[in-house]
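The values are calculated or read from the model by the stated rules, or taken from the named source; none is laboratory data. Predicted, not measured: the structure shown is a model, and the values here were computed from it. Here the Cβ positions follow ideal geometry from the backbone for every residue, glycine too, while neighbour counts run over all protein chains shown.
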Amino acid sequence: MYSLPKISKISIKGNANEAVFKRATHIFNAGGLVAFPTETVYGLGADATNDQAVARIFQVKKRPHFNPLIVHIADIETARGLAYFDDRAERIAGIFWPGPLSIVLPRRENCDLSPLVSAGLDTVALRIPGNAHAQTLLKTTACPIAAPSANRSGEISPTLAIHVANSLPGPDEGGPELILDGGRCNVGLESSVVDLSGPTATLLRPGGISRNSLSHHLGSLVLAGNNNVSPRSPGMLERHYAPQTPLKMNVTSALSNEAILGFGKIVSNPTLNLSPNADLTEAAANLFSMLHQLDKGQFAAINVAPIPNKGLGQAINDRLRRAAYNG
Ligand code: TXA
Ligand code: MG
């Protein structure tokens, strides 16, 4: 296997050369993080098929909850291998890709993507970025790259490499192993996110491509939350993965027909263990796939051991609370 290169201080200015792209590939293969320019904003990238690497994204951004991430790919063939494209998706992908458009589509059941990029949902947001450096990176790396904006949660999205360096910790403190400097992002605004996973085309986030040109090619395009039924609150618009099986938190025992999802050594014989070593990044990486495994109707309840409410534990507990409420 690969090991992560040790870099204590990196010079980022104008570093987008062949050697640096090779280093980026190495870092992705080893489960590391690379911040890179796109035409919209800088992204904080990880190999989208690596659960642990994707979990690190949430850790570095210090997000108190998991939201699904955009998966970046080099070409439409790769995109079709990850999700189901219908005529609408083919049409707008053909017109706006590469470019500032992310399309939410049903995931292929057996695709290699980490369930964490979808926050446990059965959909995935895909985008082919137009920026030349991003294209080179995706082609040399040859893996789909999950990337939210490369800023700490709650801060402004970065449009210069220096913004990334100022917002995120350095590699010694768990931040990205590399920041690829491609100069200024020329769109400077995040991609438009269009949900085509259901019958109604829905604009989830206005962005780099105008609503008018999107609806021109889609026939109709509903703005998320813009109706009389649901209140316009971003928190309520987000869909969440909810298991069918009732879920209980902070439980250390189970009846014979119940599952117990362990953490560390608190429970002696858990059905599955999020992290035997009580590592929160590992627990986050396993969360959605283990919930899916226990939610096949074979148990009367899913009991989850206590998870410390610090760092990534906050995002894990947030998601478990919603699952417990829904269940
Ligand atoms: O321009 C951009 O889109 C940048 C660059 C780096 O590509 N990325 C970005 O990612 O802004 P992020 O994670 O900050 O925003 C992703 C947006 C969120 O609003 C998220 O809720 C939505 O896309 N999203 C992603 N996957 C989704 C899914 N499966 N279902 C619904 N919404 C999804
Ligand atoms: Mg963002």
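Some notes on this structure:
- From the list Ser192, Ser197, the lone residue that is surrounded by 17 or more Cβ atoms within 10 Å (Cβ to Cβ), at pLDDT 95 or above and under 29 Å from Gln293 (Cβ atoms) is Ser197.
- Meets criteria (within 16 Å of ligand 2 (Cβ to nearest atom) and touching a Ser or Thr at 6+ places or on another chain (Cβ under 7 Å)) for Asn166: no
- Pick from the stretch 62-104, criterion under 16 Å from Leu221 (Cα atoms) and within 11 Å of ligand 1 (Cβ to nearest atom), ranking: farthest from the chain's Cα centre (by Cα): Leu101
- Reported count of residues in the stretch 163-195, each being farther than 30 Å from Leu221 by Cα and either among the β-branched types (Val, Ile, Thr) or assigned to a loop (DSSP other than H, G, I, E, B) (or both), is 14.
- Every residue from the stretch 133-172 that is within 11 Å of ligand 1 (Cβ to nearest atom) and of a type in the set (Ser, Thr, Tyr): Ser149, Ser153, Ser157, Thr159
- When restricted to residues that are under 20 Å from Tyr241 (Cβ atoms) and either under 23 Å from the mean Cα position of the chain (by Cα) or of a type in the set (A, V, I, L, M) (or both), the stretch 274-299 contains 18.
- Among the conditions (1) within 15 Å of ligand 2 (Cβ to nearest atom); (2) closer than 17 Å to Val54 by Cβ; (3) in contact with a strand residue (DSSP E or B) (Cβ under 7 Å, 6 or more places away or on another chain), Ser153 misses just one, which is (3).
- Taking the criterion of being in contact with a Phe, Trp or Tyr (Cβ under 7 Å, 6 or more places away or on another chain) and either in a helix (DSSP H, G or I) or hydrophobic (A, V, I, L, M, F, W, C) (or both), the only residue of the stretch 146-160 that qualifies is Ala150.
- Given (1) more than 8 Å from ligand 1 (Cβ to nearest atom); (2) farther than 12 Å from Pro115 by Cα; (3) touching a residue at least 60 places away in the same chain (Cβ under 8 Å), index of the condition Thr49 fails: (2)
- Reported count of residues in the stretch 252-273, each being modelled with pLDDT under 95 and crowded, with 18+ Cβ neighbours inside 10 Å, is 2.
- Test: Thr25 is surrounded by fewer than 24 Cβ atoms within 10 Å (Cβ to Cβ), β-branched (Val, Ile, Thr) and at pLDDT 95 or above: yes
- Residue in the stretch 274-282 that is among the acidic types (Asp, Glu), surrounded by fewer than 18 Cβ atoms within 10 Å (Cβ to Cβ), out of contact with any Cys (no Cβ under 9 Å at 6 or more places or on another chain) and modelled with pLDDT under 95 present: no
- Restricting the stretch 158-181 to residues that are of a type in the set (S, T, N, Q) and surrounded by 19 or more Cβ atoms within 10 Å (Cβ to Cβ), the residue that is nearest to His65 (Cα to Cα): Ser167
- Whenever a residue of the stretch 147-163 is within 16 Å of Pro129 (Cβ to Cβ) and touching a residue at least 40 places away in the same chain (Cβ under 8 Å), its partners that are of a type in the set (Lys, Arg) and within 9 Å of ligand 2 (Cβ to nearest atom), lying with C-beta atoms within less than 7 angstrom and at least six residues away or across chains, give the pairs Pro148/Lys61.
- Qualifying residue in the stretch 120-132 (condition: more than 10 Å from ligand 1 (Cβ to nearest atom) and of a type in the set (S, T, N, Q)): no
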